[in-house]
């Protein structure tokens with residue numbers, strides 16, 4: 001085996017591996033919303049978060065604008081507090097915006113839908129660390145069924 | 001009863017001694033001033049032997065495992081109307097588990113056994129001994145390049161295995177079973193995290209590479225220098241390395257994804 | 001007589017419980033061919049490995065140019081090994097390299113000479129053993145005798161002071177045997193080497209050795225020049241030199257009484 005052929009084959013091997021890594025990094029994996037310098041955090045309290053998990057997407061009209069950074073329980077009100085990492089390029093949501101926990105499909109994963117609110121002079125733009133007050137909890141199937149039966153009973 | 005306990009003790013001592021000798025071997029091979037510049041050609045040659053020559057089996061296995069995953073996954077997911085989750089299923093199975101583990105098992109069978117046999121034979125034909133008498137340390141000259149070649153090659157092979165497997169899944173899922181191509185990739189992107197899944201998989205395969213290569217080199221270096229001894233050592237390499245990979249896989253999975 | 005190149009003093013070596021050498025002393029003079037003879041299985045190869053520092057004795061000194069090999073640091077041992085070389089029974093050529101690269105191996109490892117000089121050196125060494133034409137063959141393509149000659153060329157590649165031959169005549173046809181006998185003698189005289197030949201081929205050894213040690217039963221049982229040995233009074237030495245089947249070294253391996261063992265079976 002000549003030295004040149006050996007080098008060529010090893011070079012080809014390494015190049016193939018790099019191509020594989022690039023495919024995995026760019027096409028397969030979600031490099032996500034990168035570090036904190038490119039995103040800002042918003043907080044929101046919910047009654048019930050259902051099946052929401054860290055890293056669930058935050059969508060505006062179906063477009064992913066951020067992800068759930070963490071979920072904690074407020075020690076006083078016993079309400080879940082959700083921290084959202086929002087991409088800095090979407091930095092102009094008004095404080096009248098509302099959040100809802102939605103489900104994609106019947107069995108799909110849960111995500112947060114952000115509904116931007118109206119803007120006028122008295123309304124400020126949400127900044128890092130602000131709370132979104134208007135939240136709608138996740139729909140829990142059991143509660144829904146219970147409500148339905150209760151309504152039927154009243155009729 | 002007493003005999004069995006004695007046997008157990010003897011086995012334990014034997015294993016510990018083997019571990020000790022393997023550590024000494026590795027230490028001797030890697031300690032001190034490395035000279036990869038002078039011997040870079042040796043390293044290249046070994047990467048060719050253990051890496052490039054394993055490429056074909058990795059490509060074929062990766063493709064088929066990806067295709068089987070898609071086929072099996074599709075029938076189950078279709079029952080729940082969740083075909084769009086096929087991409088994440090294939091990608092996550094490969095990246096987290098099958099890629100590193102199957103590559104390591106194939107590597108142990110393909111390259112590990114060859115390493116053991118080669119070094120055992122070099123020992124049996126006194127090549128290692130004569131090298132030592134020529135004032136050339138066989139640990140540095142023979143073991144070290146093979147060690148680094150193994151540790152470098154296997155993660156690269158695992159990456160290639162993953163990529164080919166995901167393409168194989170695409171082939172079956174999208175081109176054959178009719179899952180939406182955009183959905184295949186986007187659902188994958190939504191659920192695969194580079195840090196959590198890709199990097200952890202690579203870390204796994206680096207650990208496996210270390211384990212398999214050290215076992216293969218040690219079994220060869222420690223082989224009884226007869227044809228029977230070498231054949232035993234080769235078998236032991238495949239068995240021990242495979243079991244070690246599965247054991248380490250459990251521990252690593254528990255640490256990485258369990259908590 | 002000046003100081004010997006290798007001087008073994010009161011060497012004791014055990015392998016497990018078995019004593020291989022018990023308080024043995026030997027001297028190897030510079031520029032001479034010294035042979036060590038003895039029946040198989042007495043650890044003649046072991047002795048060469050002890051001199052090369054691959055094994056450590058339980059007690060005693062092995063002096064090479066005045067330095068005690070077993071006590072040398074790793075680095076000093078490797079320096080000392082550059083001055084000696086060993087021809088293994090199998091030749092031990094590196095199977096993945098050609099004959100040329102095998103001979104060039106020690107030169108490339110230990111020097112930074114340009115490739116043109118290495119080529120000249122290798123061709124000279126190969127010419128000395130008569131294998132210049134076989135330089136591009138792989139070791140697998142060589143006959144046993146040629147492999148041993150190629151290994152010899154490799155062993156003298158760096159012009160060592162000491163060369164140790166491990167059973168150089170074993171398993172050779174008469175012609176290659178004659179070639180190797182001539183090579184050992186001529187290399188020794190031409191290059192001013194000191195040679196140690198370990199063998200049990202009496203005729204060949206007696207024809208080339210300047211001095212002979214006969215080793216059996218863990219010690220030296222006789223030594224001297226070939227002429228002196230032929231006159232040696234020890235029956236053990238005589239049995240070995242003349243190749244008698246039975247004598248002080250018994251034909252039978254140590255065993256229980258023959259008649260008793262046979263009777264045991266019939267009972």
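Scan the stretch B:11-30 and tell me whether some residue there is more than 23 Å from residue B:215 (Cβ to Cβ), surrounded by fewer than 18 Cβ atoms within 10 Å (Cβ to Cβ) and away from chain A (no Cβ under 14 Å).
Checked the stretch B:11-30: no residue is more than 23 Å from residue B:215 (Cβ to Cβ), surrounded by fewer than 18 Cβ atoms within 10 Å (Cβ to Cβ) and away from chain A (no Cβ under 14 Å).
Residue by residue through the stretch A:54-69, note down the ones that are free of Cβ contacts under 8 Å to residues at least 24 places away in the same chain and under 10 Å from the mean Cα position of the chain (by Cα).
A:54, A:55, A:64
Take the residues of the stretch B:131-167 that are away from every other protein chain (no Cβ under 12 Å) and surrounded by fewer than 22 Cβ atoms within 10 Å (Cβ to Cβ): which is farthest from residue B:112 (Cα to Cα)?
B:148
How many residues does the stretch C:77-106 contain that are out of contact with any strand residue (DSSP E or B) (no Cβ under 7 Å at 6 or more places or on another chain), more than 8 Å from chain B (Cβ to nearest Cβ) and surrounded by fewer than 19 Cβ atoms within 10 Å (Cβ to Cβ)?
So the count comes out to 4.
Looking only at residues that are closer than 25 Å to residue C:79 by Cβ and touching a strand residue (DSSP E or B) at 6+ places or on another chain (Cβ under 7 Å) in the stretch C:37-54, which one is farthest from the other protein chains (Cβ to nearest Cβ)?
The qualifying residue farthest from the other protein chains (Cβ to nearest Cβ) is C:47.
For residue C:134, are the conditions met, namely being in contact with a strand residue (DSSP E or B) (Cβ under 8 Å, 6 or more places away or on another chain), crowded, with 16+ Cβ neighbours inside 10 Å and either within 11 Å of another protein chain (Cβ to nearest Cβ) or more than 28 Å from residue C:46 (Cβ to Cβ) (or both)?
No; evaluated as a whole, the condition is false for this residue.
Starting from residues that are farther than 16 Å from residue B:129 by Cβ and within 13 Å of the chain's Cα centre (by Cα), keep the ones in the stretch C:37-76 and report whichever is surrounded by the fewest Cβ atoms within 10 Å (Cβ to Cβ).
C:38
If I ask for residues that are crowded, with 24+ Cβ neighbours inside 10 Å and either out of contact with any helix residue (DSSP H, G or I) (no Cβ under 7 Å at 6 or more places or on another chain) or within 12 Å of chain A (Cβ to nearest Cβ) (or both), which ones from the stretch B:168-183 would you list?
B:169
Give the residues of the stretch A:29-49 that are modelled with pLDDT of 75 or more, out of contact with any helix residue (DSSP H, G or I) (no Cβ under 9 Å at 6 or more places or on another chain) and not in a strand (DSSP E or B), sorted by residue number.
Selection gives A:38, A:46, A:47, A:49.
Would it be correct to say that residue B:217 is modelled with pLDDT of 90 or more, over 21 Å from residue B:150 (Cβ atoms) and touching a helix residue (DSSP H, G or I) at 6+ places or on another chain (Cβ under 9 Å)?
In short, no.
Only one residue in B:106, B:121, B:55 is under 24 Å from residue B:209 (Cβ atoms), within 14 Å of chain C (Cβ to nearest Cβ) and assigned to a helix (DSSP H, G or I). Which one?
From the options B:106, B:121, B:55, the qualifying one is B:121.
The values are calculated or read from the model by the stated rules, or taken from the named source; none is laboratory data. These figures come from a predicted structure and were not determined experimentally. No Cβ is skipped: glycine too gets one built from the backbone with ideal geometry, and neighbour counts run over all protein chains shown.
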